[in-house]
Each structure stands twice: as C-alpha cells, then as structure tokens.
1. Across 10 Å bins from 0, what is the distribution of all Cα-Cα pair distances for the chain, in whole percents?
2. What list of ³J(HN,Hα) values in whole Hz, one per residue of segment 77-88 in order, does the Karplus curve 6.51 cos²θ - 1.76 cosθ + 1.60 (θ = phi - 60°) give from phi, with Gly and Pro shown as x?
3. Please work out how much length the chain gains when fully extended from GLU26 to ALA83, using 0.36 nm per residue of separation minus the C-alpha to C-alpha distance, in nm with one decimal.
4. What's the carbon and sulfur percent of the chain's accessible surface, probe 1.4 angstrom, rounded to a whole number?
5. So what is the accessible area of the chain per residue, in Å², with the probe set to 1.4 Å?
Amino acid sequence: MSMHKVTLLVRHVANGQLVGLYVRAEMELPFVPTVGMQFKQGTSTWLWETDSGELMPSIETVTYDLDDGVFVCLFTVDQPLKASFWTPISRDKLANSSYVPYFQPRN
C-alpha cells in the first residue's frame, strides 16, 4: 500500500483576522485527502475540541508541495483548539512561519 505525506494546517481566524495556526506535520496516510473531506479522531480526546464543544471543519484546499513532497490540507476554525494533537503557532510567530505561504501569496 502506498503511503502519502500529509500536513494538516488549520487557520484560527477571529473577527476576520488571522489569530494563529495549528499544524500536524507530515503524517503518513494511505490516501490523498480531497477538498470537502473531514477528519475525526478519538473518543476521550477530540481532534477538533474547543472550550464550547467540537467543531467539524472540512478541507478547504489541498496543495502538493513539489519541494517537500507533501500534501498540505487547509482548514479554518473560529475558536482555539484544545487537543494535544495540534502544534500551535501563535500570531507573533506567524511572520517566520513556513506555513503561511500555503494560504497567502508570497510578496
């Protein structure tokens, strides 16, 4: 079975502003994710857990990075995520983040 490197990238947007990112880098999956697909995990810890419940965002875009050989799936949420599954990137570290070009054009 062929495995594919996939990075899940979540934009946290509040009041129309980018607040931060959540990343799960280079997972190995036996399929290529597609736009509209949703991911779910766990019974004791929810993948999309927030202070007010569970979100269920869908993949907005799938980008294949030719340089790194990885598929990057973009999601957007409007609340902070609580699950330890994610690596958070705060607003003050966005300028140096290699993930921003996946959803914003480079200048």
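The values are calculated or read from the model by the stated rules, or taken from the named source; none is laboratory data. The structure presented is a predicted model; accordingly, all values stated were derived computationally and were not measured. These accessible areas exclude ligands, DNA and RNA; they are computed on the full protein's heavy atoms, side chains included. Shrake-Rupley method; radii C 1.70, N 1.55, O 1.52, S 1.80 Å.
1. Histogram of Cα-Cα distances, whole percents per bin: 14, 48, 32, 6, 0.
2. These are the phi-based 3J(HN,Hα) values: 10, 10, 9, x, 8, 9, 5, 6, 4, 9, 9, x Hz.
3. Working: separation 57, 0.36 × 57 = 20.52 nm, distance 1.76 nm.
Extra length available between GLU26 and ALA83 comes to 18.8 nm.
4. Numbers: 3220 of 6540 Å².
Carbon with sulfur: 49 percent of the solvent-accessible area.
5. Numbers: 6540 Å² over 107 residues.
Here the residues of the chain average 61 Å² of exposed surface.
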